[in-house]
Amino acid sequence: MGRTARNIDRAGTRRKDPGPFIVGILNVTPDSFSDGGDFLDPEAAAEHAAAMVDEGADVLDVGGESTRPGSDPVSQEEEIRRVVPVLERILSVRPEAVISVDTYRAGTATAALEAGASLVNDVTALRGDPRMVSVIEAAACPVILMHMQGEPKTMQKEPHYQDVVREVSDFLAERAEYAVAAGVRPENIIVDPGIGFGKNLEHNLALLRNLDAIVDLGFRVLIGASRKSFIKRITGAQEARDRVSGTVATTVLAFEQGATFFRVHDVRANREALAVAEAVLRTPRR
Ligand code: HH2
């Protein structure tokens with residue numbers, strides 16, 4: 001394994017290692033679109049987490065609420081009840097693991113950070129809970145700010161933009177500015193265009209093709225395209241688990257444009273593809 005969780009630096013705050021980083025997905029939910037119901041038991045979750053670390057995941061993103069199109073929210077109590085025991089179990093078997101908590105609730109983020117999480121993945125970009133920004137500031141931890149149009153229940157009904165690339169990058173710039181004004185250090189901010197969150201196929205492709213507009217904001221960029229349904233629209237792969245090759249294509253193309261975090265279900269395939277892409281891109285052009 002070329003890069004381990006430790007290289008990212010336990011608090012994830014300094015940028016000693018420019019990446020790329022693989023963020024392995026662990027949904028502790030009954031209803032996630034790809035792994036729903038697979039990891040509700042902390043034992044099974046920790047086993048899968050350990051396997052992802054062994055395959056080269058730098059970060060594990062643990063989520064207790066599905067945000068797939070049409071999904072319903074859960075209570076904060078239920079979210080904490082799902083996430084914290086899994087986090088504790090993972091850290092007992094892999095103490096070096098860097099864990100991100102996929103939540104927009106300040107209470108869940110606080111509980112997860114206390115249990116040993118190192119960063120927060122907020123799909124509402126700090127709009128979901130007014131107290132979240134102070135949790136991030138106080139913990140001095142990295143935060144992922146993601147763009148979403150609408151909310152999961154209805155976001156895929158009729159997504160609409162005049163200029164999706166411009167609107168998403170303006171939104172991320174504004175959210176980052178808000179975080180910085182509240183005391184979050186710019187190097188702790190990771191921005192994410194939110195592939196599939198209130199976006200149709202054309203919107204997703206425009207964002208993936210024009211990532212430089214988001215990279216140019218000057219923050220680190222995360223892409224979460226793993227197994228998403230726009231890949232099915234292109235390849236015809238009905239089953240989420242059959243969308244690995246399509247996912248790998250997005251990882252390589254996004255990496256070439258400057259993205260450095262890749263939130264994926266299939267750690268090994270994406271890690272290997274990045275290793276080859278890195279080797280090619282390091283080779284001088286003549
Ligand atoms: N996508 C999902 C969930 N969280 N976080 C970020 N930052 N970026 C993403 O693209 C992203 C995310 C949805 O995927 P998944 O976790 O696999 O499914 P579900 O929401 O059904 O649990």
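The values are calculated or read from the model by the stated rules, or taken from the named source; none is laboratory data. Everything numeric here is computed off the predicted structure, so don't read it as measured data. Note that each Cβ is placed from the backbone with ideal geometry, even for glycine, and that neighbours are counted across all protein chains shown. We work out accessible area using only protein heavy atoms, side chains counted, and drop any ligands, DNA or RNA first. Shrake-Rupley method; radii C 1.70, N 1.55, O 1.52, S 1.80 Å.
Summary of computed values
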{"item": "So Arg14, is it within 19 Å of Leu274 (Cα to Cα), away from the ligand (no atom under 15 Å from the Cβ), modelled with pLDDT under 95 and not in a strand (DSSP E or B)", "result": "no"}
{"item": "Selection from region 139-150 of residues that are open to solvent by 30 Å² or more (accessible area, probe 1.4 Å) and closer than 23 Å to Val23 by Cβ", "result": "Ala139, Ala140, Gln149"}
{"item": "Every pair of residues 6+ apart whose Cβ atoms lie under 8 Å, when the first sits in region 154-176 and is more than 17 Å from Gly218 (Cβ to Cβ) while the second is of a type in the set (Lys, Arg) and open to solvent by less than 70 Å² (accessible area, probe 1.4 Å)", "result": "Pro159/Lys199; Val164/Lys199"}
{"item": "Long-range neighbours under 8 Å by Cβ, at least six apart or interchain, first residue within 13 Å of the ligand (Cβ to nearest atom) and modelled with pLDDT of 95 or more within region 183-203, second open to solvent by 40 Å² or more (accessible area, probe 1.4 Å) and in a helix (DSSP H, G or I)", "result": "Ile189/Val180; Gly196/Ser229"}
{"item": "Pick from region 228-267, criterion surrounded by fewer than 24 Cβ atoms within 10 Å (Cβ to Cβ) and of a type in the set (Lys, Arg), ranking: farthest from the ligand (Cβ to nearest atom)", "result": "Arg233"}
{"item": "Selection within region 70-100 - among the basic types (Lys, Arg) and surrounded by 17 or more Cβ atoms within 10 Å (Cβ to Cβ)", "result": "Arg82, Arg89, Arg94"}
{"item": "Only listed residue being surrounded by 24 or more Cβ atoms within 10 Å (Cβ to Cβ), touching an Asp or Glu at 6+ places or on another chain (Cβ under 8 Å) and not hydrophobic (A, V, I, L, M, F, W, C), chosen from Gly64, Gly37", "result": "Gly64"}
{"item": "Tally, over region 156-192, of residues that are within 25 Å of Asp72 (Cα to Cα), of a type in the set (D, E, K, R) and open to solvent by 70 Å² or more (accessible area, probe 1.4 Å)", "result": "2"}
{"item": "Residue in region 74-93 that is touching a residue at least 60 places away in the same chain (Cβ under 8 Å), touching a Lys or Arg at 6+ places or on another chain (Cβ under 9 Å) and assigned to a loop (DSSP other than H, G, I, E, B) present", "result": "no"}
{"item": "Within region 96-153, tally of residues that are away from the ligand (no atom under 14 Å from the Cβ) and modelled with pLDDT under 95", "result": "2"}
{"item": "Enumeration of residues in region 40-59 that are within 16 Å of the ligand (Cβ to nearest atom), open to solvent by less than 30 Å² (accessible area, probe 1.4 Å) and either part of a loop (DSSP other than H, G, I, E, B) or not small (Gly, Ala, Ser) (or both)", "result": "Met52, Ala57, Asp58, Val59"}
